[in-house]
């Protein structure tokens, strides 16, 4: 905790000091920055050296946020309701040609009625989760910090960059068995960019290291609890948890790469990228002070995308397309206990590959039309149409258990920027969408003939959620005020509703206040 | 620029070769295993009268499978997932087959049993498994009922002072009790894992039992015998548990009529000494006044030995490397008793998937008994095999998995 606190304080000092050393003209407008982020999102997916090729917007922002979610339309391991309170600090500065950008976020969340889960994020990809039946309320703290550094163009042709991030999470459930989880993730993305006239090429590596430890504690050890050691697609082995504490550890690392290309000519720009990430994570239990390996997750992520922008005085057209494929497999490690006095430990006897197999492929296409005020150059209207196609499959072939579906989601949004006067802007946004699934299929072989807890509490409700057709609606209102000293304040409020064909709904309310200086 | 190209190519190469893949295996099941079981001439030159039953437990996956052999003892084990297995075999010989074997006329058949533990089956590996089968005449004195898991109180608290064991004369002749001991075996090690391997023993085939607590049932010299069909009840605490509001009215049992009680005679023992006969504490170095079994179960044995024989049993200490520094030295002491002194044995284990925690040799118990949970207020009880001349005989095939069933109301039968 001390290290985290020192990191937080150092980071805030860094962000506030940016203002002091900045000498160049600054644009404090928060809505402008939001637009800028959207315009460069495809280009900057991991390559901070390409910040050199984008508009070097300097800014300092701090913000407070609230995000509340509730409703019955949810996956079974998600909270029935949750409240997240957050503090953010972001900033960027150009230091003699070196562009430095940093983000910090602290969040404290209260998640109510979470079931079948013992880790910070049950949907992060691992099939190896210890599930209990008691459920309960979680309290979590999240710390996210990252910085990106881009060098100047050396010789006018080459730039280097580095992005680094640290995510720390702590969370605990308040009822037996009580998981207390600590997670840490470090990411490092060294990058480079080359410029040949209007052509930019870049590449970056991505290294990721993750660790999560979960201590399950029984305050009332006299009352033993059945826990399910999930392995994927409703399969598990169980254990009677009766000691006061047991520990599970997840440790993984991964390496990936991405290549980017960008061409600009006047108002025309085209960007594209392709990348691959490989990740492997070992799951172990600590039983009677002896580590026992349970399984290893293998994850491959393939990503590609492109973006075409046509910018004129009157309008901007933005066309995006992306492809994303994630393949995960779970390799179970069969360990046996060697009780001889010279070993007295769990040793690996063999491994069972590809027990759990998950594949998610998606294609998304979107078109944005941004209409500008010819006098001010400000974006007045922003209309977008988006479509996502997803092909999902989760299988545990040995036990003849699988679930699969195809889905398509279409979204339409319209945003209106209104200049109230010189110092005040108002932004209103409406969006709606529909989600349709087809080719749904499911088969489950239950592990125990007389225990249907996992099947009825986790697998079947999840299938109902995943197979659901639903529509979504959302709205956002944001008001920005520019103070006389040039700083600005943005107050925003957004509401989202998702309602399924089963008449189940999910509501999201977000409130935010951001001060830019 | 050449340098940059090299750096880029090296980085790309590094990224690609660093990929770790979960390569699929050619098969998901282990190679089929042709198993042949025989006992003396049966399974070789003679057929068994009934197929042998083979129970496989994949401890790793918690999967159970039961198959039967043909009459010559052959069976193919297929569609087995890799993992650590226990295999138990049960069967029987008719009195006529025993007569063929011994050449002597008899009206008693044999129980056949075999057990192998710690069998590691892997993919793409050929296996040849031999399971030795033994035949035994059923015991005369048997455990009829064992209640060890404890009960809940009205406020959902836990209570485990109400344990008991009933011992039954399952033969057609009187059996003396004076040289009979009842013992609970060591249960060191973590839950769900095989216990420590004692020096000189083979995992799954112990030649001795290692008792933490031993009681001589009859404390005095007066000759006590059980008639055929007669039982005695041995209580942890011979109290009216479900009648006394100060005990546990939610307990399923009233043990005030128990025959014997495990009462530790000591000036510092503040527990009530109820009217039941006190057994004689023969061995319990780390005694704690109340002889309460683990609610997850422990191996239980009946031992027949003279005082001199019992005195000759060795007291052994668990090897240092298995010991937990937080326990006193006495905690690790056990009485080492050869299997040949064991009259009856029941391996009580946590649940059906914990067969790797079995301590007993298959010649003592090729299976296990379990209520499958803790504080359930249930017992395990032997199944009735028949009634002859008004005497009830209980099933004793030397396989507790087959011989016992769960009794929802202990002491009700």
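Rule-based calculations on the coordinates, nothing more; no lab input. Just so it is clear, the model here is predicted, and its values are computed rather than measured. Here the Cβ positions follow ideal geometry from the backbone for every residue, glycine too, while neighbour counts run over all protein chains shown.
Could you work out how far apart the two model spin labels at residue A:412 and residue B:205 are, taking each label as a point 7 Å from the Cα in the direction of the beta carbon, and quote it in nm?
7.7 nm
Between rounded, prolate and oblate, where does the stretch B:33-136 land on the alpha carbon gyration tensor, with a ≥ b ≥ c its root eigenvalues, rounded for a/c under 1.5, else prolate if a/b exceeds b/c?
Values: a/c = 2.81, a/b = 2.29, b/c = 1.23.
Prolate, since a/c reaches 1.5 and a/b exceeds b/c.
Mind giving me the FRET efficiency for residue A:157 and residue A:306? R0 is 25 Å, r the Cβ-Cβ distance, nearest 0.05 is fine. Numbers along the way, then the final one.
Numbers: r = 24 Å, r/R0 = 0.95.
Computed FRET efficiency for residue A:157 and residue A:306 comes out at 0.55.
What 222 nm value per residue comes from the helices of chain B, counting each DSSP H run with n ≥ 4 as -39,500 (n - 2.57) and dividing by all residues, nearest 500 deg cm²/dmol?
Taken over chain B, the calculation gives -2500 deg cm²/dmol.
Build a GNM of chain B with springs between Cα atoms under 10 Å: which of B:179, B:259, B:307 gets the top mean-square fluctuation?
Ranking B:179, B:259, B:307 by mean-square fluctuation puts B:307 first.
Helix A:30-40: angle to the longest alpha-carbon principal axis of chain A, degrees 0 to 90, nearest 10?
Value to nearest ten degrees: 70.
Assuming a ≥ b ≥ c are the square roots of the Cα gyration tensor eigenvalues, decide whether the stretch B:96-215 counts as rounded (a/c under 1.5), prolate (otherwise, with a/b larger than b/c) or oblate. Numbers along the way, then the final one.
Numbers: a/c = 2.10, a/b = 1.11, b/c = 1.89.
Since a/c reaches 1.5 but b/c is at least a/b, the shape of the stretch B:96-215 is classed as oblate.
Using only Cα atoms, find the angle between the long axis of helix B:2-17 and the longest principal axis of chain B, and express it within 0 to 90 degrees, rounded to the nearest 10.
The helix B:2-17 is inclined about 30 degrees to chain B.
Given a 10 angstrom Cα cut-off, can you work out which residue in B:66, B:272, B:158 is the most mobile in a GNM of chain B?
B:272
Per 0.36 nm of contour for each residue apart, how much would the distance between residue B:94 and residue B:289 grow if the chain were fully extended, relative to their Cα-Cα spacing? Can you show the working numbers first?
Details: separation 195, 0.36 × 195 = 70.20 nm, distance 4.65 nm.
Roughly 65.5 nm would be gained on extension.
Distance between Cα centroids, the stretch A:191-237 to the stretch B:300-365: provide it in whole Å.
Result: 45 Å between the Cα centres.
Compute the orientation-averaged projected area for the protein assembly as shown from the convex hull of its Cα atoms and round it to one decimal in nm². Provide the component values of the computation, followed by the final result.
Working: hull surface 187.0 nm².
Directional mean of the projected Cα hull area for the protein assembly as shown stands at 46.7 nm².
Given the rule -39500 (n - 2.57) for each run of at least 4 DSSP H residues, summed and divided by the residues of chain A, what is its mean residue ellipticity at 222 nm, to the nearest 500 deg cm²/dmol? The partial results should precede the final answer.
Working: 3 runs with 38 residues, N = 517.
Mean residue ellipticity, 222 nm, calculated: -2500 deg cm²/dmol.
Which residue, B:101, B:243, B:226, tops the fluctuation ranking in a GNM of chain B built on C-alpha contacts under 10 Å?
Comparing B:101, B:243, B:226 in a Gaussian network model of chain B, the most mobile one is B:101.
Pop a pseudo-label 7 angstrom from the Cα along the beta-carbon direction at both residue B:23 and residue A:288 and give the gap in nm to one decimal.
So the label points at residue B:23 and residue A:288 sit 3.6 nm apart.
I want to make sure I understand the PRE zone here: with the label point 7 angstrom from the Cα of residue A:188 toward its beta carbon, which residues in the stretch A:197-212 have backbone N atoms less than 19 Å away?
What the label zone holds, given the 19 Å backbone N cut-off, is A:203-212.
Normalised by the residues of the stretch B:33-136, what does the relative contact order come to in percent, with Cα pairs under 8 Å and at least six apart? Write out the running numbers ahead of the final one.
Details: 217 pairs, mean separation 31.5, N = 104.
Value for the stretch B:33-136: 30 percent.
Quote the relative contact order of the stretch B:299-413 in percent (integer), defining contacts as alpha-carbon pairs under 8 Å separated by 6+ residues. Write down the numbers at each step before the final one.
Working: 166 pairs, mean separation 25.2, N = 115.
For the stretch B:299-413, the relative contact order is 22 percent.
So what is the relative contact order of chain B, in percent, for Cα pairs below 8 Å that sit 6 or more residues apart? Please list the in-between numbers first.
Details: 966 pairs, mean separation 69.7, N = 413.
Worked out over chain B, it gives 17 percent.
I'd like the FRET efficiency for residue A:376 and residue A:473, computed as 1/(1 + (r/R0)^6) with the beta carbon distance as r and R0 of 30 Å, rounded to 0.05.
Working: r = 31 Å, r/R0 = 1.03.
Efficiency, from the Cβ-Cβ distance: 0.45.
For the modelled label position 7 Å from the Cα of residue A:360 along Cα-to-Cβ, which residues of the stretch A:276-320 have backbone nitrogen atoms closer than 14 Å?
Correct set: A:299-303.
Classify the stretch B:141-407 as rounded, prolate or oblate, taking a ≥ b ≥ c as the square roots of the eigenvalues of its Cα gyration tensor: rounded when a/c is under 1.5, otherwise prolate if a/b is larger than b/c and oblate if not. Intermediate results must be reported in sequence, preceding the final value.
Working: a/c = 1.21, a/b = 1.09, b/c = 1.11.
It comes out rounded by the Cα gyration axes.
What is the percent of Cα-Cα separations in chain A that go past 42 Å? Please list the in-between numbers first.
Details: 31252 of 133386 pairs.
Taking all Cα-Cα pairs of chain A, the fraction more than 42 Å apart is 23 percent.
Please give the length that would be gained between residue B:64 and residue B:137 if that part of the chain were fully extended, namely 0.36 nm times their separation in residues minus their C-alpha to C-alpha distance (nm, one decimal). Can you show the working numbers first?
Details: separation 73, 0.36 × 73 = 26.28 nm, distance 2.82 nm.
Gain in length upon complete extension: 23.5 nm.
Can you tell me the 0 to 90 degree angle between the C-alpha axis of helix A:2-21 and the longest principal axis of chain A, rounded to 10?
Once rounded, the angle reads 10 degrees.
Give me the distance in nm between label points sitting 7 Å out from Cα along the Cα-to-Cβ direction at residue B:271 and residue B:322, one decimal.
Inter-label distance under the simple model: 2.6 nm.
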